[in-house]
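Peer 1: First the structure, which I've put down as C-alpha cells, then a few questions once you've had a look.
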Amino acid sequence: MKALTIQIGIFGRTNVGKSSLMNFMTNQKTSIVSEIAGTTTDVVWKQMELNPLGPITLFDTAGIDDTSLLGSERIEKTKRAFDSSDIVILMCESGKFEEFEENIIKEAEKRKTPCFIVVSKIDLKRPDDTFLKSLKKFTQHILLFSIVTGNRDDFLNSLKRFLLEVLPDNYIENYLSLRKIVKKDDTVVLVMPIDLGAPRGKIIMPQVQTVRHILDLHAASYTVQDTEYEMALQNLKKPPVLVITDSQAIKQVSAKTPKNIKLTTFSIIYAADKSDIIEMARGAAALNNLKDGDKILIAEGCTHHATADDIGRVKLPKWIAEYSKKNVEIKYVSGQDYPKDLKDYKVIIHCGGCTLNRKGMLSRLNKALEAGIPITNYGISISVFNGVIEKVLEVFPEALSVYKTTLKSIR
C-alpha cells in the first residue's frame, strides 16, 4: 500500500520530461510520453523497490503551467500532490529556472519537504557551471537527466544517496508509538471483530500493520474476535501489557477489561503514528459542546461503497445524534476531496487514514488548525461517544491531559 512507502512527487512545467523521468526510473511505460504539452492529464502513481530504502511511490503530476481546456482541474490535483509528497523532485531545463520553479521550491519549503532538482534533456543542452551554481542556492541535491544518454543505475544510485541524506533513519517506522508502550517479550491482545465492514478473507491495514510492529518489537500478539476476548484473557498466564481493539467494539471490550490492563484502539494508535494525537485529543473535546445547527465534517481518506453498517456514513451520525442530542448538519467528503474552506465547521471527524501517509494526514490536520477548527478521528470520537475516552487515552498521558483541560475550558 502506497501509504506505507516513501512518496516522491515529480513536479515541473508541461513537457519538461516528468513522464520520461518516471518511465526511466520504473523501467516501464507507466506514463504517456508525447511532445504535445498537457499529455499527462492527472496524477499518475507507480510503486517500485529502491533498496535499501524499500518500496517508494512515484507521482507523475500534470504540468502546473497547463493552459489546456482542463488545465485548472489538473493544476488543482497536482497541487494536492504536494500534501502527501515526502520528497519533491522539481524538473527544469538547462538555463531555464524562473519564478515558476522558485514557487515550487517555496511550496515545498512551506511544507518542510526536501526538494531535489533534476535538470532534464541534457543531451540537447548541458547546463553550464554558472547555471548549476545558481541552483545550489535552493538545494545541494541536483541530478542531471537525459532519456537518450542517461544511465538508469547511475541515476538511481545518486537518488538513493540523496534520499539517505535527507530522510531520518527508519523513516517509515519513525513514529511507531507502540515502542513507548510494548517491550520485548510482552504480550498484546488484539481484538478484531469480523463484521459486515471487514473485507472477505482479509484483515484491514491498521490491524496488519500493528501485528508487524509487535513482531518488530519482539513481543507476542494474541489475536481474537470480540466474542473470544474473555477466553483469551483467561488463557494467558500473565495479563497482557496492552489490549488493542477495533473502535466499534470498544464499549464491550472495555467492560470486559480489568482495570489493571491498558486498553486502546487501532484508530487511536493511528492518530499517534500518522498524525498528532495531542491535537486529535484536543479536537475531540469539541464533541461535548455541540449545538443545534452546528456543521460537522466527516472526512474519509479513501473512496468506498458504503455498507449497511458503514462506520462513517451510518454509525457515526447515529452516535453523534445519541450523544449530543442535538440537531446537527453532517457533510461527507472522501478521497482527495478535502475542502479548502473549513471555517464553517464546528469539528472535523477524520477516518484513521490507513490509505494516507503521515505527510498527507498531517497536512489535513494542519489545514484544520490553520482555520481554527478542532479535528479528531473516528477512534477517538467513538471512544468519547461510548464514555471510555479517558480509559483508552491512558497509554498517551499527554493526550489525555490535553483532552481533560480542553474539556474543562469549554464547559
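Peer 1: Filter the stretch 233-276 for residues that are outside any loop (DSSP other than H, G, I, E, B) and polar (S, T, N, Q) and give the result.
Peer 2: Once the filter is applied, which keeps residues that are outside any loop (DSSP other than H, G, I, E, B) and polar (S, T, N, Q), the stretch 233-276 yields GLN234, ASN235, THR245, SER247, GLN248, GLN252, SER254, THR264, THR265, SER267.
Peer 1: Sticking with this structure for a sec: I'm told LEU369 meets every condition in (1) touching a helix residue (DSSP H, G or I) at 6+ places or on another chain (Cβ under 8 Å); (2) buried (at least 20 other Cβ atoms within 10 Å of the Cβ) except one. Can you identify the failing condition by its number?
Peer 2: (2)
Peer 1: Now a separate question. Can you tell me which residue is most open to solvent (accessible area, probe 1.4 Å) among those in the stretch 78-118 that are of a type in the set (D, E, K, R), closer than 17 Å to LYS367 by Cα and assigned to a helix (DSSP H, G or I)?
Peer 2: LYS110
Peer 1: For the subset of the stretch 261-277 comprising residues that are small (Gly, Ala, Ser) and out of contact with any Ser or Thr (no Cβ under 7 Å at 6 or more places or on another chain), which member is surrounded by the fewest Cβ atoms within 10 Å (Cβ to Cβ)?
Peer 2: Looking at the filtered set, the residue picked out is SER275.
Peer 1: Test each condition in (1) modelled with pLDDT of 85 or more; (2) outside any loop (DSSP other than H, G, I, E, B); (3) farther than 16 Å from LEU163 by Cα; (4) not hydroxyl-bearing (Ser, Thr, Tyr) for VAL16 and report the one that comes out false.
Peer 2: Of the numbered conditions (1) modelled with pLDDT of 85 or more; (2) outside any loop (DSSP other than H, G, I, E, B); (3) farther than 16 Å from LEU163 by Cα; (4) not hydroxyl-bearing (Ser, Thr, Tyr), the odd one out for VAL16 is (2).
Peer 1: Show the residue pairs meeting these rules: Cβ distance below 9 Å; 6+ apart or different chains; first residue within the stretch 331-360 and over 18 Å from ALA271 (Cα atoms) and open to solvent by 50 Å² or more (accessible area, probe 1.4 Å); second residue part of a strand (DSSP E or B) and of a type in the set (S, T, N, Q).
Peer 2: Cβ pairs passing all conditions: none.
Peer 1: Name every residue in the stretch 382-411 that is at pLDDT 95 or above and part of a loop (DSSP other than H, G, I, E, B), in order of residue number.
Peer 2: ASN386, GLY387, VAL388, LEU393, GLU394, VAL395, PHE396
Condition check ((1) of a type in the set (Asp, Glu); (2) in contact with a strand residue (DSSP E or B) (Cβ under 8 Å, 6 or more places away or on another chain); (3) closer than 20 Å to LYS391 by Cβ; (4) open to solvent by less than 50 Å² (accessible area, probe 1.4 Å)) across all residues:
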residue	(1), (2), (3), (4)
ASP216	yes, no, no, no
THR227	no, no, no, no
LEU233	no, yes, yes, yes
LYS259	no, no, yes, no
GLU279	yes, yes, no, yes
GLY283	no, yes, yes, yes
ASP310	yes, no, no, yes
PRO317	no, yes, no, yes
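Peer 1: Here is a further query. Of everything in the stretch 337-356, what is in contact with a Lys or Arg (Cβ under 8 Å, 6 or more places away or on another chain), more than 15 Å from GLU370 (Cβ to Cβ) and of a type in the set (A, V, I, L, M)? Give them in sequence order.
Peer 2: If the condition is that a residue be in contact with a Lys or Arg (Cβ under 8 Å, 6 or more places away or on another chain), more than 15 Å from GLU370 (Cβ to Cβ) and of a type in the set (A, V, I, L, M), then LEU356 is the only one that fits.
Peer 1: Do we find a residue being more than 16 Å from ILE10 (Cα to Cα) and under 28 Å from the mean Cα position of the chain (by Cα) anywhere in the stretch 128-137?
Peer 2: no
Peer 1: Do we have any residue at all in the stretch 276-288 that's free of Cβ contacts under 8 Å to residues at least 40 places away in the same chain and on the phi < 0 side of the Ramachandran plot?
Peer 2: Taking the stretch 276-288 and keeping what is free of Cβ contacts under 8 Å to residues at least 40 places away in the same chain, we get none.
There is no residue in the stretch 276-288 that is free of Cβ contacts under 8 Å to residues at least 40 places away in the same chain and on the phi < 0 side of the Ramachandran plot.
Peer 1: What number goes with the only condition from (1) within 28 Å of the chain's Cα centre (by Cα); (2) at pLDDT 95 or above that ASP86 does not pass?
Peer 2: (2)
Peer 1: Looking at GLY379, is it assigned to a loop (DSSP other than H, G, I, E, B) and either surrounded by 22 or more Cβ atoms within 10 Å (Cβ to Cβ) or in contact (Cβ under 8 Å) with a residue 12 or more places away in the chain (or both)?
Peer 2: Criteria not met by GLY379.
Peer 1: Filter the stretch 290-305 down to the residues that are open to solvent by 40 Å² or more (accessible area, probe 1.4 Å) and either part of a helix (DSSP H, G or I) or at pLDDT below 95 (or both) and list them by number.
Peer 2: Hits for the stretch 290-305 are CYS302, THR303, HIS304, HIS305.
Peer 1: Inside the stretch 137-189, can you point out the residues that are at pLDDT below 85 and open to solvent by 90 Å² or more (accessible area, probe 1.4 Å)?
Peer 2: LEU164, ASP169, ASN170, TYR175
The values are calculated or read from the model by the stated rules, or taken from the named source; none is laboratory data. Note that the structure is predicted; figures quoted are calculated from it, not measured. Ideal geometry is used to build each Cβ from the backbone, glycine not excepted, and the neighbour counts take in all protein chains shown. For accessibility, only protein heavy atoms count, side chains too; no ligands or nucleic acids. Shrake-Rupley method; radii C 1.70, N 1.55, O 1.52, S 1.80 Å.
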